[in-house]
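Step one of this worksheet: look at the structure below.
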Amino acid sequence: MTTETPARSAAPPASTPVSAAFGVLAAVLALGVAELTAALAGRPEAGPLLAVGSVFIDLSPAWLKDFAIRTFGAADKPVLLLTLAAVIAIASAAIGTAAPRRPRLAIAALLGLAALAGAAALSRPGAGPVDVLPAVVGAAGGTFALPYSRRGPRPRAGGRVTPGDLMRRYGHPVQPPAPVPGADRRALLTHGAALLGAAVLSGGAGRAITSARQASADGRALTLPPPADPARPLPAGVGAHVPGLGPFTTPNDAFYRVDTALIVPRVPHQEWTLRVHGLVDRPIELTFADLLDRPLAERDITLTCVSNEVGGPYAGHARWLGIDLAALLREAGIQAGADQILSRSADGWSASTALESVLDGRDALLAIGMNGRPLPPAHGFPARMIVPGLYGYVSATKWVTDLKLTRFAAERAYWTRRGWAEQAPIKTASRIEVPKPFAEIPAGAVTVAGTAWAQRRGIAAVEVRVDGGPWRQADLAASAGPDTWRQWRTTWQAAPGQHRIEVRATDATGHTQPAERVPPIPDGATGWHTVLVTVT
Ligand SMILES: Nc1nc2c(c(=O)[nH]1)N[C@H]1C(S)=C(S)[C@@H](COP(=O)(O)O)O[C@H]1N2
Ligand SMILES: [Mo]
């Protein structure tokens, strides 16, 4: 018994634009029911858009990521999802167009896309068999909604085509056509609206379920114990107090965010554990409650990203609360030969940190608090690493669940596998935050201000020059220690015209930022930040 599609009947085919539109609607319905399935399964990251997007992020070459961060900044992820949506729209329009004449081909193409989505979901860290469900349910929804029976026999006047009609016509049972006749515009619109409605309802329900679950897992309601070892109070005068210059301590919701996660991983603290293993005598497994039982230290540490261009925004300062990371590792009994901490996160990212930099006495933390609150989900709740003096990609693992002591010769991490350096101490840097690039400012006394950082070493001097003239010392705001940035300001008597303002910092070891511009890859950008302004 073969299933024959009633493709050779006499009814006129629906127009190409209509078929294309129904193809897109079929895809929207497929995505909607897939998102709902993913939400019901408690695996929002297994939805087709997020799964395929995440695979794309992990597979894309360094230059493309670099381009995306440079061009779209923090919007790089929405841009990726929109691009993916556009690709799906084009593919599904093509499938819809083919469907009335080549139904088998259209279904095969749709199933192929669903298979890709399913494979992407299965390939994600921590994925299990349920992660194929969204793709399977999506494929069923899409197949149901495809406009492939448009060439079916016309309904009798005033009536639906019944299986009996088809039986009489074809001599064996065939599927009745979906009720999307090209003949009747109103029926077409109704059907389209029904598909769209079903898609929006299921997708919206999926989102609502996911966000309700996430709200209960984000630790907002958690109260952290006070630190046994509080941070020293910030000295008076750490802020340069210039309008347009940010505060010394960056508020959590203004703190830059850099990670490979398409949606913020939600790790309920009740379920979180951390494993310390590898080249250790006594592997340790900790729960969040165990962390709270240990003495907590509070430290002021400025975090910076290696991807930051000269003058860029990927730097922030916070007061972190956490346990002593070096003490934890020593408790496990570090074996000879270990030189790397390979940390892994709940979302499968990894970082390799030089063990000696964590053991050398600096305030390396397994942090659970940021500026007096539990870590925000976007910044690693329930726990992350913070190691002063190292760029985030070799030290600041968010949503951390696993610390393995190993050797650089044996294992590499997410970014070091992709061409970034294994050793990445933060380079001495400075930036002009006031005035803004291309500002138009009135002639006279102009305040120039910004920040500079050289974590572990500290900033000793900041100099500013205009139009290639002599370097002049800026006034440094008070220092909160070598691991924090330092604000600075100076005044410039500006005459009308176009001007170029440059800045360079010198750290406490006497090293001055070089003029030579190198790009962020492989171990951080160098060069002087330059701002062009027009004085009127
Ligand atoms: N799990 C995870 N942790 C991560 C990353 C990541 O992609 N995934 N990115 C790192 C990088 S490159 C930086 S610069 C810091 C940024 O931390 P923030 O987003 O809290 O500012 O997090 C680090 N921790
Ligand atoms: Mo970074």
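Compare the Cα positions of Pro44, Gly468, Ala26 along the charge dipole of the chain (+1 at Cβ of Lys, Arg; -1 at Cβ of Asp, Glu; about the Cα centre) and return the one farthest towards the positive end.
Ala26
Quick check on segment 252-418: what are the equivalent-ellipsoid semi-axes from the Cα gyration tensor, as sqrt(5λ), descending, whole Å? Provide the component values of the computation, followed by the final result.
Working: eigenvalues 100, 71, 47 Å².
Its equivalent ellipsoid spans semi-axes of 22, 19, 15 Å.
So, by mean Cβ neighbours within 10 angstrom, what's the order for 479-487, 380-388, 198-206 with the highest one leading? Kindly include the intermediate steps, with their values, before the conclusion.
Numbers: 479-487: 23.2, 380-388: 26.0, 198-206: 17.8.
The densest-packed peptide leads the list: 380-388, 479-487, 198-206.
Which whole-number percentage describes the relative contact order of the chain, with Cα contacts under 8 Å and a sequence gap of 6 or more? List each step's numbers first, then the result.
Details: 1153 pairs, mean separation 71.1, N = 536.
Dividing the mean separation by the residue count of the chain yields 13 percent.
Let's see if you can work this out: charge +1 on each Lys and Arg Cβ, -1 on each Asp and Glu Cβ, no other charges. What is the dipole magnitude of segment 234-345 about its Cα centre, in debye to the nearest 20? Provide the component values of the computation, followed by the final result.
Values: 9 positive and 13 negative charges, 20 e Å.
Dipole size: approximately 100 debye.
Multiply the residue gap between Phe67 and Thr536 by 0.36 nm, knock off their C-alpha separation, and tell me the result in nm, one decimal place. Write out the running numbers ahead of the final one.
On the way: separation 469, 0.36 × 469 = 168.84 nm, distance 3.51 nm.
Extra length available between Phe67 and Thr536 comes to 165.3 nm.
At what distance in angstrom do the alpha carbon centres of segment 33-48 and segment 448-475 lie from each other?
51
Mind computing the radius of gyration and Dmax over the alpha-carbon atoms of segment 410-495? Å is fine for both.
Rg, Dmax (Cα atoms, Å): 17.4, 60.
Could you give the dipole magnitude of the chain about its Cα centre, charging the beta-carbon of Lys and Arg +1 and that of Asp and Glu -1, in debye to the nearest 20? Walk me through the numbers before you get to the answer.
On the way: 52 positive and 41 negative charges, 487 e Å.
Here the size comes out at about 2340 debye.
Based on the Kirkwood radius over alpha-carbon pairs, what value in µm²/s does the Stokes-Einstein equation return for the translational diffusion coefficient of segment 56-135 at 20 °C and 1.002 mPa s?
Working: Rh = 14.7 Å.
For the chosen part, D equals 145 µm²/s.
Please report, ordered by residue number, every helix of the chain (full DSSP H runs) that is 20 Å or longer along its axis going by C-alpha atoms and whose mean Kyte-Doolittle hydropathy reaches -0.5. Before the final figure, lay out each step's value.
Working: long enough: 16-40 (36 Å, 1.80); 76-98 (33 Å, 1.66); 103-123 (30 Å, 1.70); 185-215 (44 Å, 0.46).
The qualifying helices are 16-40, 76-98, 103-123, 185-215.
Taking 8 Å as the Cα distance limit and 6 or more residues as the minimum spacing, I'd like the relative contact order of segment 252-418 as a percentage. Mind dumping the intermediate values first?
On the way: 353 pairs, mean separation 47.8, N = 167.
In percent, rounded to a whole number, it is 29.
Going by average Cβ density within 10 Å per residue, which order do the peptides 451-457, 241-247, 313-319, 140-146 take, highest to lowest? Let's see the in-between values first.
Numbers: 451-457: 24.0, 241-247: 14.0, 313-319: 20.3, 140-146: 22.0.
Answer by packing, highest mean first, reads 451-457, 140-146, 313-319, 241-247.
Once every DSSP H run of n ≥ 4 in the chain is given -39500 (n - 2.57) and the sum is divided by its residues, what mean residue ellipticity at 222 nm do you get, rounded to the nearest 500 deg cm²/dmol? Before the final figure, lay out each step's value.
On the way: 11 runs with 163 residues, N = 536.
About -10000 deg cm²/dmol.
So how do 350-358, 230-238 stack up, highest first, on mean other-Cβ count within 10 Å? Walk me through the intermediate numbers first.
Working: 350-358: 20.9, 230-238: 12.8.
Top to bottom by mean Cβ count within 10 Å: 350-358, 230-238.
Calculate I(q)/I(0) for the chain by the Debye formula, one identical point scatterer on each C-alpha and no solvent, and give its log10 at q = 0.11 Å⁻¹ to two decimals.
-0.99
What is segment 429-535's relative contact order, in percent, from Cα pairs under 8 angstrom and six or more apart in sequence? Mind dumping the intermediate values first?
On the way: 270 pairs, mean separation 36.4, N = 107.
Here the relative contact order equals 34 percent.
Put +1 on the Cβ of every Lys and Arg and -1 on every Asp and Glu Cβ in segment 199-259; which of Gly206, Val238, Pro251 then has its Cα farthest towards the positive end of the dipole?
Projecting each Cα onto the dipole axis, the largest value belongs to Gly206.
Each value in this text was obtained by applying a stated rule to the coordinates, not by laboratory testing. Worth saying up front: this structure is predicted, and the values here are computed from it rather than measured. Neighbour counts run over all protein chains shown; Cβ positions are idealised from the backbone, glycine included.
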